[in-house]
Amino acid sequence: MTVLVIAEHDNGVLKKATLNTLGAAFKLSSDVHVLLAGKGVDAVATQIANIAGVTKVLVADGDALAHDLAENLSRQVLQIADAYTHIVFAGTTSGKNTAPRVAAKCDVAQISEITAVIDSDTFERPIYAGSAIATVKSLDKQKVITVRTTAFEAVPATGGSAGIEAIPVVADSGLSTFVGREIVKSERPELTNAAVIVSGGRALGSAENFQLLEKLADKLGAAVGASRAAVDAGYAPNDLQVGQTGKVVAPQLYIAVGISGAIQHLAGIKDAKVIVAINKDADAPIFGVADYGLVADLFTAVPELTEAL
Ligand code: FAD
């Protein structure tokens, strides 16, 4: 049983999501290969070869793969798919874009966002916005899987010595063209990797008031997140949204400020280690999941907390 993991990277650095995805893959088999598809990826190949336990790094390095276009990446995966019992992607934007194309072409059902591996056919995955965990068993000959990365420990990035093998690069599909990439530059940690997150809700009332959270986040070296109500109201940009239709986060500390704790928000913070809630309504559902709760007006409590820190 050989497992193929699809690496996520920016052509220069391997993304941490791949280490978590490998955490899931090693629960399936000790024979795990990694496909590295990109352009000018020698440095990334070395990073992957150094990961403890990886047995082989397959490198497809060419123009068609320079920009992570799902149409081309899925073709590249399909070129080698037959050799593998399990093809495993991180449950990221990129993984979710490519995995279904691979599953459809392999004529198998995709197994989405697994949070545990029971055996080689059986997995756990959240349903109903994380309110229930389904145990799913697939009898397909091949499994195409996406992994909820926050549910699996990252494997150590060092200690390995896998062989690196170049493989032929597929031709451009001609179905999509890379136009450009607008990357938000921020001094703050990325939400999905942050150890501390300060998140704000509708109660902030305006984009200006959101700066209260920025000041608190500065003191804590934290990322800033937001509820969907805050995003929809224009108080915070879309990429800060945490929850079922936003980002799933797993920080050591999550501070929810003026957030009621709707089930769709909680779906994104289930793996947070310590949750602190500040809300003026003592009956707000967020207090049902919070480890520490402060019933207070945020416009008093947040500046006081920032000052005290
Ligand atoms: P509210 O529910 O309005 O809560 C505001 C809270 O602030 C209240 O508890 C109030 O007591 C408190 N408050 C008010 N003033 C103060 C003050 N001065 N000081 C302290 N506390 C104060 N939501 C998400 O967040 N993420 C998602 O990904 C998401 N996906 C969704 C997907 C679907 C299909 C649907 C239907 C909904 C989704 N939602 C999501 C929306 C979700 O249902 C809630 O509407 C949303 O989370 C509410 O945001 P909120 O807590 O900021 O606002």
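The values are calculated or read from the model by the stated rules, or taken from the named source; none is laboratory data. Being a predicted model, the structure only gives us computed values, none of them experimental. Using ideal geometry, Cβ is built from the backbone for each residue, glycine included, and neighbour counts are taken over all protein chains shown. Note: accessible area is taken over every heavy atom of the protein model, side chains too, but ligands, DNA and RNA are not part of it. Shrake-Rupley method; radii C 1.70, N 1.55, O 1.52, S 1.80 Å.
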### Message
For segment 38-69: of the residues being in contact with a helix residue (DSSP H, G or I) (Cβ under 9 Å, 6 or more places away or on another chain) and without any contact (Cβ under 8 Å) to a residue 60 or more places away in the chain, which is surrounded by the most Cβ atoms within 10 Å (Cβ to Cβ)?
### Response
V41
### Message
Filter segment 268-279 down to the residues that are within 7 Å of the ligand (Cβ to nearest atom) and either outside any loop (DSSP other than H, G, I, E, B) or of a type in the set (A, V, I, L, M, F, W, C) (or both) and list them by number.
### Response
I278, N279
### Task
For segment 268-276, indicate whether the set of residues that are at pLDDT below 95 and either assigned by the TED database to the domain that holds P126 or of a type in the set (K, R) (or both) is non-empty.
yes
### Message
For the structure I just gave you, tell me whether R125 is open to solvent by 30 Å² or more (accessible area, probe 1.4 Å) and in contact with a Gly (Cβ under 8 Å, 6 or more places away or on another chain).
### Response
no
#### Entry: Residue ranges of strands (runs of 3 or more DSSP E) in segment 94-154 with at least 3 members closer than 20 Å to Y84 by Cα and not assigned by the TED database to the domain that holds V249
110-114, 116-119, 143-147
### Query
Looking only at residues in segment 16-36 that are open to solvent by 10 Å² or more (accessible area, probe 1.4 Å) and without any contact (Cβ under 8 Å) to a residue 60 or more places away in the chain, which one is nearest to L65 (Cα to Cα)?
H33
### Message
Here is a list: V108, V77, V32. Which entry is more than 22 Å from F152 (Cα to Cα) and in contact with a helix residue (DSSP H, G or I) (Cβ under 6 Å, 6 or more places away or on another chain)?
### Response
V77
### Message
Restricting to segment 190-209, and then to whatever is within 16 Å of the ligand (Cβ to nearest atom) and touching a strand residue (DSSP E or B) at 6+ places or on another chain (Cβ under 6 Å), can you tell me which residue is nearest to T150 (Cα to Cα)?
### Response
T192
### Message
Quick check on my filter: what residues within segment 156-189 are out of contact with any strand residue (DSSP E or B) (no Cβ under 6 Å at 6 or more places or on another chain) and open to solvent by less than 40 Å² (accessible area, probe 1.4 Å)?
### Response
V170, S173, S176
#### Entry: Every residue from segment 215-264 that is assigned to a helix (DSSP H, G or I), open to solvent by less than 70 Å² (accessible area, probe 1.4 Å) and out of contact with any strand residue (DSSP E or B) (no Cβ under 6 Å at 6 or more places or on another chain)
A229, D239
### Summary
Residue set A301, A282; condition open to solvent by less than 50 Å² (accessible area, probe 1.4 Å), within 12 Å of the ligand (Cβ to nearest atom) and of a type in the set (G, A, S); output residue A301
